[in-house]
Amino acid sequence: MLRQYELVDRVLSYDPDADEALLNRAYVFSMQAHGSQKRASGDPYFSHPIEVAGILTDLRLDDETIATAILHDTIEDTVATPEQIEKSFGPSVARLVDGVTKLSKIEAQTENERAAENLRKFLLAMSSDIRVLLVKLADRLHNMRTLHHIPSEAKRRRIARETMDIYAPLAERIGMYEFMREMQTLAFQQLEPDAYDSITKRLKQLNDGGGDLISRISSGLRLQLGRAGVKADIQGREKHPYSIWKKMAERHISFEQLSDVMAFRVVVDDIDECYKALGVLHRRWPMVPGRFKDYISTPKRNGYRSLHTSIIHSEKMRIEVQIRTEEMHAEAEYGLAAHWAYKQGKPAGEAGNHSWIRDLVDILEHADNPEELLEHTRMAMYQDRIFAFSPTGELIQLPKGSTAIDFAYAVHTDVGDTTVGAKINGRVVPLRTLIENGDQVQILRSKAQEPQVEWLTFAFTGKARAAIRRFVRHKEREETIALGRKFYDEIVRRIPAALGPEALPEALKRLKLPDEEALMEAVARKLIDDATVMDALMPGSAEKAGVKRRESGQREAISMKGLTPGVAFQLADCCNPVPGDRIIGVRRPDKPVEVHTIDCSKLAEQQDSEWVDLAWGDGSDGGTARLVVIVKNEPGALGIMSGILGAHHANIVNLSLSHRDAAFHTYDVTIEVHDVQHLMKIIAALRAADAVSQAERSPAG
Ligand code: MN
């Protein structure tokens, strides 16, 4: 176990400004808190956080991270409280320790693949301060190194599986390849002991047989490249047992058939040299078909660049070769660290890069444009996700912007439908409350509850909105039918004779309607005029009563999404919406839903009415639009304007001169158009005409 002064010296060796007192306090605090607790190995428990801190000094992390590592198990496993931590070590360390503690709490819920994927995402999302994740990964790495001390095989396997599924991929994701390889090797050893043994044995034989094979092959490559004038730095390595095993399993081949147990890295000065080196190698040794990949011209999604090829070096020996520049190499090996080191103009790995993590944190917290970084770490795809928990610990994934009602519907539609309230982290909150990462959300329900229209004003997810709308539509239909009945009673009253019990069923047959409700809907929507209904109930009665049929020819080509088919609506004449406009419906008792453009000033006066989210039905066509057109006061200008309208088949409904002066005439023009695109084309054509000075749609309202 590292002694106190050794640990402090290590940190001071790469960061002379580190807060020595902070590290000493953390050491003593953790030692006292863990007291006589023991690890499975029989070592004092305290040795674990100290070793974790030691691992992180290899990454040259800052004093706060090292202190966090020393303290990382004190909240979870001892009587220490977050308040004590904050008091002794300040808010920043307290926040980091809290982050690591939260991650540990949810660790044990990974029974299936999906849960693992969720947990990975959650860990990433929770680790907006990347230092939390680094401490967690070092914690796991040390637990893996000491895994063999755990007596229960089932428990060892569970931990190894989790490491393989969650922590190794996370390490890879943030570019900590050394962590990743060691975790995979240790987990592989636990999960597939026989395969592990046989592969390590074969690797040993291979080396025993050929002397120092790696360095012999390296010098061969160097010689060949040197003859062609390519200056290259060449490193060779054996692949680690897990990646060899994975290849064998993926390709169903034996160790002997496995071509590239050895991999060589050729690092050259620039991109031209990369391709030159590739040519040299391919000319000297045959390439293995299908193995060449050009990640320089087409980088991987995480930004990785290199040329990959496999060559047949000798009869039995195929080797993998990666060719790259120094910069590509640093990025590939050190991930984040290299990225930032290069930003700062100094390569990673050199002394002085201990500050990268601090810069990174700083940038995450303060930068105007952290997108590039997030993109690089692939964290971006999780930045718009929220992860919250049910009281039973189930992980619920939501898009950012989701509220308690979205959470309820994400759990189950029935839960959403019967929601009356919510508790977040134990406190009762309004349903419109935004969910934050790590929140524990409890939904309060009542069987008597039903979805409320106003939920639509804060429901964010498609699932919640669709469920609420479905319900609201159902209610709308009921209202429409009720409205239809009122109209129907009026119609019946106008028939100058009493109707028998058979009149209504007969009328339905004549009108080819399936049932009474369909008739009421049609009447409410004015799909059938009064005279038709009267004649269906009692032939000839409309004429007797002097009721005329409605003139046909009215446009029926408009429909609304967001309203039950059959609900009556009308386009408001204040803003004259045309298909394609963004629209809102205003529902008033016993009247058709009034459709306004979303920016109509009349809407503001309707705050007390119920608003309905609407969209134009597919293929909706037709509407009137009002334009203000200012033309130059010159002969023929008006003719040019109406010519343009005519050419676009826009029927002029109304035209009036609203203002004139010596230079310009202003016209208010009302035209019939198909939709917004049609209208925009007309406006563009008007603007393009020399005679026209301005053309605009009238302000709504
Ligand atoms: Mn731990």
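Within this structure, Ala33 fails the test of being assigned by TED's automatic domain parsing to the domain that holds Arg131 and surrounded by fewer than 20 Cβ atoms within 10 Å (Cβ to Cβ). Pairs only if they're at least six apart or on different chains, beta carbon under 7 angstrom, first in the range 123-143 and over 12 Å from Leu56 (Cβ atoms) and modelled with pLDDT of 90 or more, second within 14 Å of the ligand (Cβ to nearest atom) and open to solvent by less than 10 Å² (accessible area, probe 1.4 Å); list them, first residue then second. From the range 123-143, the pairs are Arg140/Thr163; Arg140/Tyr167. Here Gly566, Gly585, Gly617 are screened, and the one residue that is within 30 Å of Glu516 (Cβ to Cβ) and at pLDDT 85 or above is Gly585. The residues in the range 86-120 that are at pLDDT 85 or above and away from the ligand (no atom under 15 Å from the Cβ) can be counted, and the count is 10.
For Gly619, the requirement of being within 28 Å of Arg469 (Cα to Cα) and surrounded by fewer than 16 Cβ atoms within 10 Å (Cβ to Cβ) is met. Restricting attention to the range 568-595, the residues being open to solvent by 10 Å² or more (accessible area, probe 1.4 Å) and out of contact with any Lys or Arg (no Cβ under 9 Å at 6 or more places or on another chain) number 10. Looking at the range 250-287, which of its residues are among the aliphatic types (A, V, I, L, M), in a loop (DSSP other than H, G, I, E, B) and either buried (at least 18 other Cβ atoms within 10 Å of the Cβ) or at pLDDT 85 or above (or both)? Within the range 250-287, just Val261 meets the criteria. Scoring Arg485 on the criteria (1) part of a loop (DSSP other than H, G, I, E, B); (2) at pLDDT below 90; (3) not aliphatic (A, V, I, L, M) leaves a single failure, condition (1). Note on the range 181-194: residues that are open to solvent by 20 Å² or more (accessible area, probe 1.4 Å) and in a helix (DSSP H, G or I) total 9.
Total residues in the range 149-189 satisfying the condition of being more than 15 Å from the ligand (Cβ to nearest atom), closer than 14 Å to Ala40 by Cβ and touching a residue at least 12 places away in the same chain (Cβ under 8 Å): the figure is 2. All conditions in (1) touching a strand residue (DSSP E or B) at 6+ places or on another chain (Cβ under 8 Å); (2) open to solvent by less than 20 Å² (accessible area, probe 1.4 Å); (3) under 24 Å from Ala448 (Cα atoms) hold for Ala388, with the sole exception of (3). Taking Ile214, is it open to solvent by less than 70 Å² (accessible area, probe 1.4 Å) and under 43 Å from the mean Cα position of the chain (by Cα)? Considered against the rule, which asks whether it is open to solvent by less than 70 Å² (accessible area, probe 1.4 Å) and under 43 Å from the mean Cα position of the chain (by Cα), Ile214 comes out as no.
The number of residues in the range 449-494 that are among the β-branched types (Val, Ile, Thr) and within 17 Å of Met520 (Cα to Cα) comes to 4.
In the condition set (1) within 34 Å of the chain's Cα centre (by Cα); (2) within 21 Å of Phe179 (Cβ to Cβ); (3) modelled with pLDDT under 90, Asp73 is compliant with all but (3). Only residues that are of a type in the set (Val, Ile, Thr) and part of a helix (DSSP H, G or I): list them for the range 195-231, please. Once the filter is applied, which keeps residues that are of a type in the set (Val, Ile, Thr) and part of a helix (DSSP H, G or I), the range 195-231 yields Ile199, Thr200, Ile214, Ile217.
So is Ile234 part of a strand (DSSP E or B) and open to solvent by less than 60 Å² (accessible area, probe 1.4 Å) or not? It is true that Ile234 is part of a strand (DSSP E or B) and open to solvent by less than 60 Å² (accessible area, probe 1.4 Å). For first residues located in the range 468-487 and touching a residue at least 24 places away in the same chain (Cβ under 8 Å), partners that are in a helix (DSSP H, G or I) and open to solvent by 60 Å² or more (accessible area, probe 1.4 Å) and lie 6+ apart or on another chain with Cβ distances below 7 Å form the pairs Ile481/Glu517. Taken together, the residues in the range 45-74 that are open to solvent by 40 Å² or more (accessible area, probe 1.4 Å), more than 17 Å from Glu20 (Cα to Cα) and more than 10 Å from the ligand (Cβ to nearest atom) amount to 1.
Scanning the range 432-454 for residues that are open to solvent by 50 Å² or more (accessible area, probe 1.4 Å) and not in a loop (DSSP other than H, G, I, E, B) gives Leu434, Gln440, Gln442, Leu444, Arg445, Glu454. Confirm whether Pro91 is within 32 Å of the chain's Cα centre (by Cα) and either loosely packed, with under 15 Cβ neighbours inside 10 Å or farther than 23 Å from Leu141 by Cα (or both). Against the criterion (within 32 Å of the chain's Cα centre (by Cα) and either loosely packed, with under 15 Cβ neighbours inside 10 Å or farther than 23 Å from Leu141 by Cα (or both)), Pro91 qualifies. Do any residues in the range 680-701 that are under 18 Å from Cys575 (Cα atoms) have Cβ atoms under 8 Å from those of residues that are of a type in the set (Gly, Ala, Ser) and open to solvent by 60 Å² or more (accessible area, probe 1.4 Å), where the two are at least six apart or on different chains, and which pairs are they? Taking only residues 6 or more apart or on different chains, the pairs are Pro699/Ser601; Ala700/Ser601; Gly701/Ser601.
The values are calculated or read from the model by the stated rules, or taken from the named source; none is laboratory data. Note that the coordinates shown come from a computational prediction; the quantities given were computed from them, not determined experimentally. Reconstructed Cβ throughout: ideal geometry from the backbone, glycine too, with neighbour counts over all protein chains shown. These accessible areas exclude ligands, DNA and RNA; they are computed on the full protein's heavy atoms, side chains included. Shrake-Rupley method; radii C 1.70, N 1.55, O 1.52, S 1.80 Å.
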